[in-house]
């Protein structure tokens, strides 16, 4: 099984578990997070790229995976992703290089899955 397919399944299973706690604060935060990426003054593509850059700088590989999946689903090219990741590298410095490696590996994996007709859906 691909790492990203496993990530999608684990994320879905754990989100269902978390939300089943029926905790109001947690439910509100999850809702706020989802709403932040809806169309607004900025389009969804721009917001996902912002999320990708922030995730790289914060060194959160799960978040990098999430935003890369969303970006690829929206049709962003590798060149667009590389440009965004470059911004994250410049902002975050050399400490993000391991996460940049992770991101490039995931982009390659996502493109391979696309070639196989496998579409990951996270929302």
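Rule-based calculations on the coordinates, nothing more; no lab input. Everything numeric in this text was worked out from a predicted model, so none of it was measured. Cβ: placed from backbone, ideal geometry, glycine included. Neighbour counts: every protein chain shown.
Axis of helix 78-92 versus longest Cα principal axis of the chain: the two differ by about 80°, to the nearest ten degrees. Dividing the mean sequence gap of close Cα pairs (under 8 Å, 6+ apart) by how many residues the chain holds gives a relative contact order of 30 percent. Estimated from helices alone, the mean residue ellipticity of the chain at 222 nm is -24500 deg cm²/dmol (sum of -39500 (n - 2.57) over DSSP H runs with n ≥ 4, per residue).
Counting Cα-Cα pairs of the chain in 10 Å increments starting at 0 gives whole-percent bin shares of 12, 42, 36, 10, 0.
In nm, to one decimal, how far is the residue 17 label point from the residue 32 one, both placed 7 Å along Cα→Cβ? Distance between the two pseudo-spin positions: 2.4 nm.
Placing dummy labels 7 Å off each Cα toward the beta-carbon, the span from residue 45 to residue 79 is 1.3 nm. Report the percentage of all Cα-Cα pairs in segment 80-123 whose separation exceeds 13 Å, rounded to a whole percent. Cα-Cα pairs of segment 80-123 separated by over 13 Å account for 61 percent. With r as the distance between the Cβ atoms of residue 1 and residue 115 and R0 = 25 Å, compute the FRET efficiency 1/(1 + (r/R0)^6) and round to 0.05. The value I calculate is 0.90.
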